[in-house]
1. Can you name every residue in region 204-225 that is of a type in the set (A, V, I, L, M, F, W, C), over 11 Å from the mean Cα position of the chain (by Cα) and crowded, with 22+ Cβ neighbours inside 10 Å?
2. Looking at (1) without any contact (Cβ under 8 Å) to a residue 60 or more places away in the chain; (2) buried (at least 16 other Cβ atoms within 10 Å of the Cβ); (3) over 26 Å from S170 (Cα atoms); (4) polar (S, T, N, Q), which one does Q240 not meet, given that it meets all the others?
3. Only one of D85, D80 is over 30 Å from V157 (Cα atoms), modelled with pLDDT of 95 or more and of a type outside the set (V, I, T); which?
4. If only one of R143, R184, R149 is among the basic types (K, R) and surrounded by fewer than 20 Cβ atoms within 10 Å (Cβ to Cβ), which one is it?
5. Just wondering, is there one or more residues in region 252-264 that are within 28 Å of E153 (Cβ to Cβ), at pLDDT below 95 and either of a type in the set (D, E, K, R) or assigned to a strand (DSSP E or B) (or both)?
6. Determine if region 200-222 includes at least one residue that is without any contact (Cβ under 8 Å) to a residue 12 or more places away in the chain and in contact with a helix residue (DSSP H, G or I) (Cβ under 6 Å, 6 or more places away or on another chain).
7. Confirm whether A142 is assigned to a helix (DSSP H, G or I) and among the aliphatic types (A, V, I, L, M).
Amino acid sequence: MKQRHIQTHACGLHATLYLLLACLICIQGLAQVAPPDGSVRFLAFGDWGRDGKAFQLPVAEQMGRAAAANHAQFVIVLGDNFYSDGVDSVESRQWTTSFEDIYTAPSLQVPWYVALGNHDYRKNPGAQVAYTLFSPRWKMPARYYSVTRRIDESNTVQFFIIDSTPYTVSRQSGQGSKRGDAARQDTAAQTAWLEEALRTSAAQWKIVCAHHPIYSSSKHGDTAALIKEIQPLLEKYGVQIYLNGHEHDMQHLQVGKIHYFTSGAGSQTRATSRDARTIFCLGDTGGFLNVRITPDEFEGSFIDYTGKVVHTATIHRNQMAGADR
């Protein structure tokens with residue numbers, strides 16, 4: 001039998017509700033069975049909810065096909081979930097027009113572990129947490145949390161899904177603007193939670209997921225606040241992979257031993273560029289990341305909106321060296 005464990009840190013007045021919800025989610029996941037080949041498989045993408053416009057529909061179609069062919073067990077969602085201003089409530093029309101009516105393939109009716117993006121903060125990010133109560137697949141028990149998946153009897157992978165927008169907004173600049181909610185978040189508490197979660201993790205694979213890139217060769221570039229606050233923790237505690245959106249393209253960078261994958265081509269895209277850290281980049285093309293993890297290897301493939309595999313990288317846990325195909 002396979003167990004899924006979720007750790008949550010819930011902030012604000014609704015902490016008790018969120019923690020209760022996390023317990024319910026944990027209980028619901030106890031009956032899941034590990035895949036027969038000893039692997040964990042999932043899709044990862046971000047920057048997507050546009051009422052089916054731009055590349056959203058063809059990307060959704062190919063996600064459904066890839067999830068079916070590769071037996072994806074869940075989806076990692078990397079923020080900017082609803083353009084251009086997030087959602088007002090759990091009753092907002094975009095839950096239907098940008099999510100429920102778009103990702104309809106049977107293979108996508110699996111857990112979606114969701115991060116918040118900067119556009120999600122323009123209205124009511126708490127509504128996206130609350131929607132977990134109304135959807136069998138939308139899983140955001142708090143603004144940051146972790147999920148552990150068993151690979152086989154001896155190995156696990158743990159995902160640390162963080163809320164990166166508050167790090168990018170100063171309290172002074174955020175007051176009175178659409179970013180006010182982000183400016184009120186306690187980043188010191190989140191950083192402390194992440195360090196403790198990483199320090200105590202027994203997982204063989206550690207993957208941190210967020211909306212903003214730590215390193216990027218594209219339009220937005222590196223995120224200075226995350227380089228200062230988050231990147232040292234990745235190195236200190238042996239994180240192998242960092243997944244993000246925000247850049248509307250597909251990138252694979254390596255800095256030191258850590259591999260950074262940008263998968264932000266869920267709908268509207270833009271041109272990209274490369275620098276000395278870039279292993280792969282592709283812009284102006286919708287797509288997503290398809291991942292298979294075994295005890296020894298992380299295999300990540302970018303698939304475009306036509307179903308073409310445009311890049312595959314195999315990362316070995318022991319050597320931590322990426323091999324292009």
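The values are calculated or read from the model by the stated rules, or taken from the named source; none is laboratory data. What you see is a predicted model, and the numbers here were worked out from it, not measured in a lab. Positions of Cβ are backbone-derived with ideal geometry, glycine not excepted, and every protein chain shown enters the neighbour counts.
1. W205, I214
2. In the conditions (1) without any contact (Cβ under 8 Å) to a residue 60 or more places away in the chain; (2) buried (at least 16 other Cβ atoms within 10 Å of the Cβ); (3) over 26 Å from S170 (Cα atoms); (4) polar (S, T, N, Q), Q240 misses (1) alone.
3. D85 is the lone residue from the list that is over 30 Å from V157 (Cα atoms), modelled with pLDDT of 95 or more and of a type outside the set (V, I, T).
4. Being among the basic types (K, R) and surrounded by fewer than 20 Cβ atoms within 10 Å (Cβ to Cβ) holds for just one of R143, R184, R149, which is R184.
5. no
6. no
7. No: the conditions fail for A142.
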